[in-house]
Amino acid sequence: MKLLFQALIKFISGILFVGLLLFLPAGTLHYPCGWLFTGLLFVPMLLLGTILFFKAPALLEKRLNSKEKENAQKGIVALSALGFLASFITAGLDFRFGWSQIPIPVIVIAALLFLFGYVLYTEVMRENTYLSRTVEIQEDQMVIDSGLYGIVRHPMYLATLLLFLSMPILLGSWYSLIVFLHYPLLIILRIRNEEKVLEEGLAGYKEYKKKVPYRILPFIW
């Protein structure tokens, strides 16, 4: 019941928070892209959370924990949060004042990429039960090298890139996308620090890096 209560509080507060960040700057509730984004974000989240609650409650509990222990990661998370705030507020203001127009076909493509990112996100959680929102070494943790982890070392970050970079386009704002272009740099910094932690504390990770040379983009990086 404690886990259920915690999950519901985070889910409801997330909806309210995102709604305030989008619709308040927009100056209206008649913001179609805002509703589209809210639906695509929270409906799959509710379904996934329900599945985890019944099938993998321990993993759900880890995903709800967002308190970083690594000092380097705390700064990255703070900058990422500021980027989210600025991006959502910019999207709302963009709609309010009509700064930019994104063609509907482009928004549809962004929606498909967003959903694909969600599918990728779900598959990564199925493959890796050690997956946490924070950078840490867990008790009895082992290196996962199968499935997506046999292609890139950090498929979760690939999923988040698809999700987060398609968000501003879903919201119908080129300016919001410009604000959020710092996110890939933060991902690079986070990965470098995370791999240092894993090399020092997770047995077999150095060998895994040799086996799978690419971090998030096959044949590129």
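If only residues of the range 146-185 that are among the hydroxyl-bearing types (Ser, Thr, Tyr) and touching a residue at least 24 places away in the same chain (Cβ under 8 Å) are counted, the one that is nearest to Lys210 (Cα to Cα) is Tyr149. Of everything in the range 110-160 that is over 13 Å from the mean Cα position of the chain (by Cα), among the hydroxyl-bearing types (Ser, Thr, Tyr) and surrounded by 15 or more Cβ atoms within 10 Å (Cβ to Cβ), the residue that is modelled with the lowest pLDDT is Tyr130. Taken as a whole, the range 1-17 holds no residue that is surrounded by 16 or more Cβ atoms within 10 Å (Cβ to Cβ) and either in contact with a Ser or Thr (Cβ under 7 Å, 6 or more places away or on another chain) or in contact (Cβ under 8 Å) with a residue 60 or more places away in the chain (or both). Arg63 meets all of the listed conditions (1) at pLDDT 85 or above; (2) in contact with a helix residue (DSSP H, G or I) (Cβ under 8 Å, 6 or more places away or on another chain); (3) in a helix (DSSP H, G or I) but one, namely (1). Where helices (runs of 4 or more DSSP H) fall wholly inside the range 141-221, the ranges with 3 or more residues that are more than 22 Å from Ala81 (Cβ to Cβ) are 183-201, 205-211. Looking across the range 81-101, the residues that are over 9 Å from Ser176 (Cα atoms) and surrounded by fewer than 19 Cβ atoms within 10 Å (Cβ to Cβ) come down to Ala81, Leu82, Gly83, Phe84, Leu85, Leu93, Arg96, Phe97, Gly98, Trp99, Ser100, Gln101. Restricting attention to the range 28-44, the residues being hydrophobic (A, V, I, L, M, F, W, C), surrounded by fewer than 16 Cβ atoms within 10 Å (Cβ to Cβ) and in a helix (DSSP H, G or I) number 2.
Filtering the range 33-49 to residues that are without any contact (Cβ under 8 Å) to a residue 60 or more places away in the chain and under 19 Å from Phe97 (Cα atoms) leaves only Trp35.
Tallying residues that are aliphatic (A, V, I, L, M) and modelled with pLDDT under 75 within the range 66-99 yields 1.
The values are calculated or read from the model by the stated rules, or taken from the named source; none is laboratory data. Remember, it's a predicted structure, so these values are computed and weren't measured experimentally. Virtual Cβ from ideal backbone geometry, glycine too; neighbours counted across all protein chains shown.
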